[in-house]
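Encoded as structure tokens, the structure appears first; notes follow it.
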Amino acid sequence: MKIYKACKCCGREFRTEDIFVASTKLVGIQSFAPYNLLSLELRDCLCGTTLARKLSVCDNSSLILVAA
Ligand SMILES: [Zn+2]
């Protein structure tokens, strides 16, 4: 089975996006709009390493944008 994301630091594996979201702590959103149609959601692994998840701009209505 393909793993959604793995932490390079502690080796923890997140099998699905849902597990990744449930197992990590939200740090903030980094938006590149309008230059890039994707935003990055930054989440901390339990070991403290920050991992990024790509978000589509369409999802932004439900997100709180963090000022850089
Ligand atoms: Zn980790």
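State whether one or more residues within region 51-59 are modelled with pLDDT of 95 or more, within 11 Å of the ligand (Cβ to nearest atom) and in contact with a strand residue (DSSP E or B) (Cβ under 7 Å, 6 or more places away or on another chain).
Yes; the residues of region 51-59 include at least one that is modelled with pLDDT of 95 or more, within 11 Å of the ligand (Cβ to nearest atom) and in contact with a strand residue (DSSP E or B) (Cβ under 7 Å, 6 or more places away or on another chain).
If I ask for residues that are in contact (Cβ under 8 Å) with a residue 24 or more places away in the chain and either touching a Lys or Arg at 6+ places or on another chain (Cβ under 7 Å) or surrounded by 15 or more Cβ atoms within 10 Å (Cβ to Cβ) (or both), which ones from region 1-16 would you list?
Passing the criteria: Lys5, Cys7, Arg12.
The values are calculated or read from the model by the stated rules, or taken from the named source; none is laboratory data. Predicted model only: the values in this text are computed from it and were never measured. Don't worry about glycine lacking a Cβ; one is built from the backbone with ideal geometry, like all the others, and counts go over all protein chains shown.
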